[in-house]
Structures are given as structure tokens and as C-alpha cells.
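So the structure is just underneath, and the comments pick up after that.
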Amino acid sequence: MAETPAEITHKRVLNIAIPIVLSNATVPILGAVDTGVVGQLGEAVPIGAVGIGAIILTGLYWVFGFLRMGTTGLTSQAHGAGQTGEVAAMLTRSLMIGVMAGVGIIFLQLPLFAGAFLVSPASAEVEVLARDYMAIRVWSAPALIALYGVTGWLIALERTRAVLVLQVAMNGINILLDLWFVLGLDLGVTGVAWATFVAEWSGLILGLWLCRDVWRVAAWRDWGRVFDRVQLARMMSVNRDILLRSLMLQAIFISFLLIGGDFGDVTLAANQVLLQFLNISAHALDGFAFAAEALVGQAFGRRSVARLRRGAILASVWALTIVVLMAVGFALWGGAIIDLMAKAPEVQIEARNFLIYVCIAPVVGVAPFMLDGIFIGATRAGDMRNMMALSLAIYVAAVLVLVPWLGNHGLWLALLISFVARGVTLWLRYPALESSVAPGAQTDTTEAGA
């Protein structure tokens with residue numbers, strides 16, 4: 001007799017989402033400690049070295065973010081279908097891909113770093129220290145990228161409290177070692193690098209322990225299953241399409257900053273400050289998008305349209321509630337937040353001139369954000385890639401028309417238009433997503449639970 005699936009309720013959505021939101025809240029704390037500890041050295045060069053080194057490595061590792069998303073979608077579907085062996089095999093595949101990707105970065109570090117510094121604004125002194133920092137941290141690349149797979153796997157099984165434990169432990173280790181290595185042992189920039197290196201490998205070890213139940217399932221080392229051509233091809237296809245989609249999305253934000261730079265240093269700084277509002281929104285929404293990924297993926301695996309709809313709707317309702325509250329908060333206290341982030345009066349004034357756009361952005365951005373989660377859960381990565389390409393084209397057209405006419409206002413409008421385009425185009429593909437669940441999929445709404 002088949003196991004009766006748990007009901008999809010508001011409580012279940014929140015149990016998935018809240019630990020992710022709390023986990024994301026710890027990320028800026030680590031960055032602040034890194035900067036603060038190095039700042040105690042009393043020189044600007046070490047701060048710049050850690051900052052630019054971290055940006056370059058984060059950019060490299062970001063490329064492999066597809067591993068987290070693809071792993072969540074495929075694992076949640078296998079879990080929903082009751083395929084315990086495939087759930088175990090997915091973790092092994094993700095770990096192998098993560099480790100191999102990290103090893104590849106280690107082997108290619110010299111040309112990768114050289115290319116990064118060609119376009120870097122760093123001085124010679126900053127570059128020397130940044131290279132020292134990166135030469136240490138790069139050796140934990142296999143651990144960090146493999147952790148993307150571990151995190152995606154845990155999210156698929158709704159074990160987001162484990163993700164929170166993992167993130168807090170990693171950041172805690174990093175902070176303690178920062179203080180010891182830099183302030184206690186006087187290791188300077190290399191001390192920050194060694195602290196992160198130890199924290200990331202410790203994180204992988206803890207992550208594997210948090211997945212300990214799977215090691216009792218023989219399928220994790222069933223190499224015939226792990227290297228099954230059909231499953232590998234599917235995983236590679238999903239990961240490829242998510243990567244392409246992510247690169248196009250990143251192109252929008254990079255071009256936004258570059259075009260904004262043409263309006264002068266003050267406007268560039270103001271845009272950078274305002275983008276932090278969008279980062280705050282994204283961190284808050286991540287939890288609900290991840291909930292949609294897990295619940296939709298499991299429903300897809302069970303071939304239940306009713307459960308798919310309910311998971312998507314409940315997660316989206318909470319996400320919409322959060323963004324409306326954030327939009328109101330930004331409107332009421334955005335000026336004060338700007339003053340905290342920027343001390344230059346001219347930047348404060350300029351940022352206030354465009355504050356309205358970051359009040360609107362969360363509301364128009366919630367649809368593409370949540371639809372991304374829904375489509376990841378359903379592993380409709382091809383649709384994500386294609387709709388992102390169309391949205392990018394619409395964004396480019398908007399920039400060409402609006403920026404010469406309205407300047408930075410036109411640039412912000414073009415960004416908002418890209419959000420709307422992503423939401424509308426993905427929504428138009430949603431019926432095809434439901435149709436793909438199964439030719440005779442169940443549509444009885446009572447199945448999904450109250």
C-alpha cells in the first residue's frame with residue numbers, strides 16, 4: 001500500500017521557508033566580521049585585498065549555483081515518487097560534480113585569476129595581497145561547490161533546519177578563526193583566507209554528517225545507478241539550462257551597474273546602495289522559493305496536479321505577503337536605511353531620488369522569483385532558459401529606448417520591465433508545466449490537504 005503523503009499546509013511551508021530566511025540572515029554578518037577584523041590592521045590595502053579576492057572567488061563559485069537548484073528539483077521529484085535509491089544516487093552525483101568542478105578551478109586558478117585581475121580596478125599592492133588570499137581559499141573550492149549539492153539535496157527533502165545548522169556552524173567557525181588567526185596570531189589577510197578554508201571544509205564534513213541517513217542506503221554507492229546514462233543526461237541537461245538562464249540574469253544586473261556608471265560616480269554609488277534593497281528582498285524570498293521547489297518537485301514526482309498547485313499557491317501567498325510588507329517598510333524607512341549605508345550627502349540625496357523603484361521592485365519581482373522556484377521543482381529548465389532569453393531581449397530594448405530619454409530613471413524602469421517580462425513569460429508557460437505532470441494527472445483538490 002502506498003504511503004499517504006503529508007498534507008501541504010501553511011505550517012509546512014513556513015517550516016521549510018523560515019530556516020532558509022534565518023540562514024540567509026547570517027551571510028552579511030560574516031562579511032562584516034571579515035571586513036571589521038582586517039580593518040583592525042589599520043590599513044586600507046588589506047581591506048581592499050580581502051574584498052576584491054572574495055568578489056572574484058564568489059563570482060567563480062556562483063557559476064556553479066545551478067548544482068543547488070538542479071539537485072533540489074531532481075531530488076524532490078525522486079522523493080515524491082518514492083524512489084529512495086534515486087534520492088541517494090542524486091546526492092552522490094551532486095557531490096561528484098561539485099568536487100570535480102572545484103578541482104577544475106584549482107587546476108585553472110592561474111589563468112582564471114589573471115583574467116579576473118585584467119578587468120579589476122585593484123592597485124598593485126591590493127592585487128598582491130588578494131592573490132595571497134585567493135591562493136589559499138581556492139583549495140576549498142571542491143568543498144564549497146560540493147556543498148551546493150548537499151544544500152540542494154537537504155532542501156528537496158524539506159530538511160531546511162539542517163541547512164540552517166550548517167550555515168550557522170560554518171559562519172561561526174569562520175568568525176572564531178578570523179578573530180584568532182588575524183587578531184591573535186597576526187596572520188593578516190592570509191589569516192582570513194585560512195579561516196574560510198577551514199570553515200568550508202568543516203562545512204562539507206558537517207553536511208555529510210547531516211545527510212548520514214542516506215549512507216545506510218546501498219544505492220548511494222550503486223555505481224550502475226549513479227552513472228545511469230539516462231539520469232546523468234537528464235541532470236546535465238537541467239544543469240546546463242539553469243546555468244544559461246543564470247548567466248543571462250547576471251548579464252542584466254552587470255549591465256545595470258555598468259550603464260549606471262555612465263551617469264557619474266554619485267549615481268553609480270546610489271544604484272549600488274539601492275541594489276542592496278533588492279538583495280534584502282531576495283534573501284527574504286529565498287525561503288519561500290525553496291519551499292515551492294521542494295513541494296512542487298515532490299508533487300511532480302507523485303504525478304499530482306492538485307498537490308503541485310497547492311504547494312505553489314501557499315508558498316506564493318506567503319511570498320507576496322512578505323514583499324508587500326517589505327515594500328511598505330522600504331517606503332517608510334528607506335531613507336534611514338540609505339543614510340546607514342552611505343555617509344556621503346550627495347549619494348544619500350541621489351539614492352532617495354530613485355527610492356520609489358526599490359519599493360516597487362519586490363512587488364513586481366515576486367512573480368518571477370516564485371515561478372523560478374516552481375519551474376525548478378518541475379525541472380522545466382528549458383522553459384526557464386528560453387523565457388529568460390526573451391526577457392533579456394525585452395530588457396535590452398527597454399534600455400535602448402528609455403535610458404537615452406530618461407537617464408537613470410529609464411535604467412530602473414528597464415530593470416522593472418525585465419522583472420515583469422520574466423513573470424509574464426513564465427506564467428504563460430505554466431499550463432504546459434501542469435500538462436507535463438501526467439496525461440491523466442489527478443486534479444482532485446482534496447488530495448492536497450486542507
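Structure values in brief
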read-out	value
Residues satisfying the stated conditions in the stretch 206-226, i.e. of a type in the set (A, V, I, L, M, F, W, C) and either surrounded by 15 or more Cβ atoms within 10 Å (Cβ to Cβ) or more than 20 Å from residue 167 (Cα to Cα) (or both)	206, 208, 210, 211, 214, 215, 217, 218, 219, 220, 223, 226
Residue ranges of helices (runs of 4 or more DSSP H) in the stretch 105-171 with at least 1 members over 21 Å from residue 93 (Cα atoms)	109-118, 124-137
Residue within the stretch 269-282 that is in a helix (DSSP H, G or I), in contact with a His (Cβ under 7 Å, 6 or more places away or on another chain), not basic (Lys, Arg) and not assigned by the TED database to the domain that holds residue 55 present	no
Odd one out for residue 42 among (1) within 30 Å of residue 184 (Cβ to Cβ); (2) more than 20 Å from the chain's Cα centre (by Cα); (3) in a helix (DSSP H, G or I)	(3)
Flag for residue 103 being exposed (fewer than 15 other Cβ atoms within 10 Å of the Cβ), in contact (Cβ under 8 Å) with a residue 24 or more places away in the chain and out of contact with any Lys or Arg (no Cβ under 7 Å at 6 or more places or on another chain)	yes
Selection from the stretch 410-450 of residues that are modelled with pLDDT under 50, in a loop (DSSP other than H, G, I, E, B) and of a type in the set (Ser, Thr, Tyr)	443
Number of positions in the stretch 1-37 that are surrounded by 19 or more Cβ atoms within 10 Å (Cβ to Cβ), modelled with pLDDT of 80 or more and assigned to a helix (DSSP H, G or I)	10
All positions within the stretch 160-179 that are in contact (Cβ under 8 Å) with a residue 24 or more places away in the chain and surrounded by fewer than 19 Cβ atoms within 10 Å (Cβ to Cβ)	161, 165, 168, 169, 179
Considering residues of the stretch 147-196 that are at pLDDT below 95 and of a type in the set (D, E, K, R) only, the residue nearest to the chain's Cα centre (by Cα)	178
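The values are calculated or read from the model by the stated rules, or taken from the named source; none is laboratory data. This structure is a prediction, so every number in the text was calculated from the model and none was measured. All Cβ positions, even for glycine, are placed from backbone atoms using ideal geometry, and neighbour counts span all protein chains on display.
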